[in-house]
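Written out below as structure tokens is the structure these notes cover.
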Amino acid sequence: MIQKWIWGLATAATLLSQPAEPSAASAQQLLTTYCQGCHSESNRSGGVSVQGLKADAVSDSGMTWEKVLRKVRTGEMPPLGLPRPKPADSTAFVGWLEGELDRSAVAKRNPGTPLVHRLNRAEYSNAIRDLLSLRLDHAASLPADDSGYGFDNIGSVLTVSPLLMEKYMATARRVSRLAVGTVKSGAAIERFTPGKGPALDGSDDMPLNLRGGLLLNYHFPVDAEYTFLIRIRGNPVAKALPPKLDIRMDGKRFKLHEVVIDPNEEAQITRNIELRLPMKAGLHSIGAAFLTENLKVESGVVSRRGVGAAPPVNNVSVDYLQIGGPFNASGPGDTESRKTIFQCRPSAGQPETPCAQRILSTIARRAYRRPVTSADITPLMSLFALGRKDGGSFDAGIETALRAILVSPNFLFRVERDSASAPGATAHAVSDLELASRLSFFLWSSLPDEELLRLAEQKKLRATLPQQVRRMLADNKARSLVENFAGQWLHLRNIPTWRPDPDRFPQFDDALRSAMQRETEMLFEYIVRDDRSILDFLNADYSFLNERLARHYGIPNVKGTYFRKVAMNGEERGGILTHASILTVSSYPTRTSPVLRGKWILENILATPPPPPPPNVPDLEEKAANSAKDLRAALEKHRASAGCASCHSRLDPLGFALENFDAVGKFRAVEDGAVVDASGSLPGGIHFVGPSGLKKVLLERQDYFVECVSEKLLTYALGRGLEHFDLPVVRQIRREATAKDHRFSELVLAVVNSVPFQMRRSPER
Amino acid sequence: MIITRKSLSRRTLLRGFGTAVALPFLDSMTPAMAAPNRIGGKSPVRMAFLYVPNGVIMKDWTPKSEGSGYELTKTLQPLAEHRERMLVLSGLDQYNGQSLGDGAGDHARAGATWLTGVHPKKTQGADILAGVSADQVAAKEVGKATTLPSLELGLEDNRMVGGCDSGYSCAYSNTVAWSSPTTPLPPEINPRAVFERLFGDGETTDPAARALAARQDRSILDFVRADAARIGMGLGAGDKRKLGEYLDAVREIEIRIQKLEKQDPNAIALPTMERPAGVPPTFEEHVDLMFDLMTIAFQADLTRVITLMIGREGGNRTYRNIGVPDAHHGLSHHFNDSTKIDRLQKIDQHHVKQLASFLAKLQATKDGDGSLLDHSMIMYGSSLSDGNRHEHLDLPTILAGGGNGRVHGGRHIRYKKGTPMTNLFLSMLDVAGVQPEKIGDSTGKIEHLSNL
């Protein structure tokens, strides 16, 4: 596989670089003529010197050459107003340099040395789910992870503090108790508020005409009675029908509760509805929400959440749901977790050790993602014996040993080894088992499943990689790519806490908030599932809407809360740059900012992030933000200064093209009485107007976008920041994906087949 | 209020979230519990640092005159009943919060400097760098005596991805506590999780069960240490360092277990206070429950150092129930619009009102020869004064509590221009028996905390 890869790279590099013209000599000449004036050893403009760079030995200074390549290719350098090479010469130089860098990468391959990698919170949650058939939300019990390079799965950033260790201990205790179903669990109350958990809209567990409620997946630890307290809150209105609360367990209506309100009693009412029910251990869905039909007033006006002034209906909603218990526990029940764990039961009168050993070996192999040995199992058996004695049951022994597995560094860390005899600083292929973990944490954010593990143990994984990758992408677990990769690449994770200014955007409510996030997630999912071209991100002529979002977009005839694929033929919408989600997270809470949107595009679409603003720059925009015209004028003045122009001549025009969308992504032709000017001009006389003009310009530079996605995907797949020696790999991934119509699976395969994914470099010794 | 009546036998009431929870606490047990920790019969000094974001409206905060005759300003009105037990401190600066050539990003710098006094490195990546915060300097010493060296709490779950403020990592504005220049400590926002940190998470009210759990924990930690040693063989230096972090954390937990086991099992009978159910639905209930937990943690001497971020720096909470539907940070850029300034003042006063209720809880809780408040230093403030202009100098600061007789309230003190905030920390830590040479940009202790 690796040989094949290298051969592929060499061929591609030869084909694409057209090395005959220009030569190293003419490149050296160009560098001296156009760059060295500022980038000399004495001046070091921007911290870069090209003096001493040898065009006939590019590999000696790969890092600097990569910077040169990026700046010349995008036309950022030489700066406007200074002498520039002819466009044809620039293009030739870029082609030559790219070829040289890519060739030297083949000769001197460096896959990098990823550090020991702690599982992050999402990976930990998924691992528990897959290991023990236990779906729990660990957001409340484990701290969020720090991120670097745009993602929160970066090995060098994921640390362990005493606080985290304490949380791991506590979480392991809770998880193993729930998984085993320890009966003695003390009663406790937990509260849940709407907005977290699965969306009400479009869930199979709730009917369609509900509002103002919540749906919750809750793991009941044992067969027992539990209390449910549903607190509702609202403003009663004269003449309104009594609101009806639909309470459902596992999708079936348990009770339709009519809330009787005397409109004269208070300005705002609260009611507690309390139930006590026997529940079977395991995961159940609990829903409580109001029937929409009961929110009609007698005149027949239907409520629209959050639009304008308070509607003349009983504006009630579920405040929170509290679950208490267990009470009168009758047994551990027959949960999926217990079925997964207890593959055997010791027969009465027989020794328990063989069964315990079988159970713990099975779990440890999955948890540690490798075959286990007696050195792993013997200490676990001692802990089994300890728990068995303390707790007085076989199950208690398993629970104690399980706790230990869940805090073991074998579980919490992904460790890759270099053979002890390997010399320092050399590249070698990772083992099949290590590759299986790399794959599963990349595509599933979780442990390898049985099939991957078995193939790796039999050393057959590399032979079946493409099939395995496609199988994994088709699996439901690949949804982690939406939550973890897309959520961070496109900043979708910021939407749940985004708070646009309520005075300026009174129409922004939670329904819109979740709909805009869902739209982008569904586009991403669709591109993965249908294996579409990743260029669809930029220019899809379809999207996924429900009524709330369609209304926001001014698109008629989309009714109801569920999402469906809708053709987008107009000029306004299509592609993520016109998604309300992206337009919102790249704005200020109060207004749009062409600079922020331009920066968002440069960072996340073109992979050419601008440097941070230089020192002592006053916040120009804030003062000029009173009107769109003032803002445009101020930014133009701003760009007149050479120091600002180098970045803002690229930033601002990109953002201006999206000025037809307000800070929550609503289309506007007119702002504050003036027609919106959505035109922009990039250096080099590239002029465009509005989102369709912008998209055209971006598609003309689709290589940048494909490389951007490749770069983000490779960073996420490796869990480390990219270095200059990874950039030839990024270009190779782009070439491979481009040759296969940019299909998502081909991009993933190119990442999986790349040198840094397949190999590692042993540390210096 | 946790302890509403003083000498009732074992039962008192905890009002947390609508329901009154029976709490067999603690007064009768407190002496036995805290006795081993009392030095020469003296109560230990407790410290809390309460942070409010986005600055305050200074004209309604700073008293006009100085000394003991000063008049409480509009924003400080809710503190009237505590006037004699608190100091209003003016003129203290966080010089290093200013841009100093780093451009925009004042909110990130405000958060990162407040307790460190160090100019943070401008980065969005993994290489964050600030300084050790005053609370952590204290915790490293006074924390040796308690199960938890310190608690870091917050009220706003708002961790963002990407950068948070003009090229600064979110780590800078998410917390004010740093255990090392590269280790920000994330605040815990869920009262349920705080309770579990303090009291364990299950059937642990029974001392025997708790001892058993501790013994099992110790066996499991022995097991993981052996695992880590096996893994560590043959790894490179970078990987070994990562595993070293893990082993350090394991060791720290072991030390806590040892402390727990050393305590008299009859003295550590824990309250059967119900675990909080989660994050309460309103800000007011949330902060109130957090204050209850802080008071219990101090009273039971489970920790002596707490930071609480009432809001995340640059945070955008709305306060509809006091008539402020605007997002706080957005509003803080008021451009001298008087409507906005009025609303901001309402928020400031609302925050101060919460402080007053915390001080009342501490004052009502008996501790040794006085009240908890007598033995505490509660610092309250923001790392921006004028939020509109991002001003890092002359910061709004209150120091409440008696500090075991070494802090005398009832005054407004204005320090001379250019006095570093960190000098206050040196003085506070001195009262707690910790004498670091320097914190951030400190130049020496400040005067007048005790002399009248």
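What the table shows:
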{"item": "Residues located in segment A:291-302, provided they are buried (at least 16 other Cβ atoms within 10 Å of the Cβ) and at pLDDT 55 or above", "result": "A:Leu291, A:Thr292"}
{"item": "Matching residues in segment B:338-354 - criterion: being under 25 Å from B:Ala104 (Cα atoms) and within 12 Å of chain A (Cβ to nearest Cβ)", "result": "B:Lys340"}
{"item": "Pair list, Cβ under 7 Å, 6 or more apart: segment A:386-399 residue touching a residue at least 60 places away in the same chain (Cβ under 8 Å) and within 12 Å of chain B (Cβ to nearest Cβ), other residue among the basic types (Lys, Arg) and buried (at least 18 other Cβ atoms within 10 Å of the Cβ)", "result": "A:Ala396/A:Arg388; A:Glu399/A:Arg177"}
{"item": "Tally of residues being crowded, with 23+ Cβ neighbours inside 10 Å, in contact with a strand residue (DSSP E or B) (Cβ under 8 Å, 6 or more places away or on another chain) and assigned to a loop (DSSP other than H, G, I, E, B) across segment A:574-588", "result": "1"}
{"item": "Subset of segment B:419-443 [in contact with a helix residue (DSSP H, G or I) (Cβ under 6 Å, 6 or more places away or on another chain) and on the phi > 0 side of the Ramachandran plot]", "result": "B:Gly440"}
{"item": "Among the candidates A:Arg345, A:Arg305, A:Arg276, A:Arg338, residue that is part of a loop (DSSP other than H, G, I, E, B), of a type in the set (Lys, Arg) and modelled with pLDDT of 90 or more", "result": "A:Arg345"}
{"item": "Selected residue [touching a Pro at 6+ places or on another chain (Cβ under 6 Å) and on the phi < 0 side of the Ramachandran plot] from A:Ser710, A:Ser649, A:Ser745", "result": "A:Ser649"}
{"item": "Single match in A:Arg734, A:Arg668, A:Arg765 (criterion: farther than 30 Å from A:His552 by Cα and surrounded by fewer than 22 Cβ atoms within 10 Å (Cβ to Cβ))", "result": "A:Arg765"}
{"item": "Test: residue in segment B:293-302 that is among the charged types (D, E, K, R), in contact (Cβ under 8 Å) with a residue 12 or more places away in the chain and over 19 Å from B:Asp135 (Cα atoms)", "result": "no"}
{"item": "Condition broken by A:Asn410, with the remaining ones in (1) within 30 Å of A:Arg765 (Cα to Cα); (2) of a type outside the set (A, V, I, L, M); (3) assigned to a helix (DSSP H, G or I); (4) more than 10 Å from every other protein chain (Cβ to nearest Cβ) satisfied", "result": "(4)"}
{"item": "All helices (runs of 4 or more DSSP H) inside segment B:222-341 with 1 or more residues being closer than 27 Å to A:Arg403 by Cβ and within 22 Å of the chain's Cα centre (by Cα)", "result": "B:237-262, B:283-299"}
{"item": "Some residue of segment A:172-186 being of a type in the set (Ser, Thr, Tyr), more than 8 Å from chain B (Cβ to nearest Cβ) and either in contact with a His (Cβ under 6 Å, 6 or more places away or on another chain) or over 18 Å from B:Pro186 (Cβ atoms) (or both)", "result": "yes"}
{"item": "Odd one out for B:Leu426, checked against (1) loosely packed, with under 13 Cβ neighbours inside 10 Å; (2) free of Cβ contacts under 8 Å to residues at least 60 places away in the same chain", "result": "(1)"}
{"item": "Close pairs (8 angstrom Cβ cut-off, 6 or more residues apart or separate chains): facing chain A (nearest Cβ under 8 Å) in segment B:319-335, in a helix (DSSP H, G or I) and surrounded by fewer than 20 Cβ atoms within 10 Å (Cβ to Cβ) anywhere", "result": "B:Asp326/B:Lys340; B:His333/A:Glu622"}
{"item": "Tally, over segment A:738-760, of residues that are surrounded by fewer than 20 Cβ atoms within 10 Å (Cβ to Cβ) and either assigned to a strand (DSSP E or B) or within 14 Å of chain B (Cβ to nearest Cβ) (or both)", "result": "2"}
{"item": "Residue identified as away from chain B (no Cβ under 14 Å) and in contact (Cβ under 8 Å) with a residue 60 or more places away in the chain among A:Ala92, A:Ala122, A:Ala107, A:Ala88", "result": "A:Ala92"}
{"item": "Residue match in segment B:76-89 (condition: closer than 24 Å to B:Arg312 by Cβ, modelled with pLDDT of 50 or more, out of contact with any Pro (no Cβ under 6 Å at 6 or more places or on another chain) and assigned to a strand (DSSP E or B))", "result": "yes"}
{"item": "Residue in segment A:328-335 that is within 14 Å of chain B (Cβ to nearest Cβ), free of Cβ contacts under 8 Å to residues at least 12 places away in the same chain, of a type in the set (Gly, Ala, Ser) and outside any helix (DSSP H, G or I) present", "result": "no"}
{"item": "Hits in segment B:119-149 - residues which are in a loop (DSSP other than H, G, I, E, B), surrounded by 24 or more Cβ atoms within 10 Å (Cβ to Cβ), within 14 Å of another protein chain (Cβ to nearest Cβ) and of a type in the set (Gly, Ala, Ser)", "result": "B:Ala130"}
{"item": "Qualifying residue in segment A:357-370 (condition: free of Cβ contacts under 8 Å to residues at least 24 places away in the same chain and buried (at least 23 other Cβ atoms within 10 Å of the Cβ))", "result": "no"}
{"item": "Subset of segment A:137-149 that is in a loop (DSSP other than H, G, I, E, B) and either at pLDDT 90 or above or at the interface with chain B (Cβ under 7 Å from one of its Cβ atoms) (or both) - its residue that is farthest from A:Thr400 (Cα to Cα)", "result": "A:Tyr149"}
{"item": "Residue match in segment A:313-334 (condition: out of contact with any Cys (no Cβ under 9 Å at 6 or more places or on another chain), buried (at least 18 other Cβ atoms within 10 Å of the Cβ), among the aromatic types (Phe, Trp, Tyr) and farther than 18 Å from A:Ala404 by Cα)", "result": "yes"}
{"item": "Residue within segment A:563-573 that is among the aromatic types (Phe, Trp, Tyr), in contact with a strand residue (DSSP E or B) (Cβ under 9 Å, 6 or more places away or on another chain) and either touching a residue at least 40 places away in the same chain (Cβ under 8 Å) or surrounded by 20 or more Cβ atoms within 10 Å (Cβ to Cβ) (or both) present", "result": "yes"}
{"item": "Residues of segment B:91-118 satisfying the condition of being of a type in the set (Asp, Glu) and either at positive phi or outside any loop (DSSP other than H, G, I, E, B) (or both)", "result": "B:Asp93, B:Asp106"}
{"item": "Given (1) buried (at least 19 other Cβ atoms within 10 Å of the Cβ); (2) in contact with a strand residue (DSSP E or B) (Cβ under 7 Å, 6 or more places away or on another chain), number of the condition B:Lys361 does not satisfy", "result": "(2)"}
{"item": "Options B:Gly410, B:Gly440, B:Gly444: the member that is in contact (Cβ under 8 Å) with a residue 40 or more places away in the chain, over 19 Å from B:Thr62 (Cβ atoms) and not aromatic (Phe, Trp, Tyr)", "result": "B:Gly440"}
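The values are calculated or read from the model by the stated rules, or taken from the named source; none is laboratory data. From a predicted model like this one, the values you see are computed outputs, not experimental measurements. As a convention, Cβ positions derive from the backbone with ideal geometry for all residues, glycine included, and neighbour counts pool all protein chains shown.
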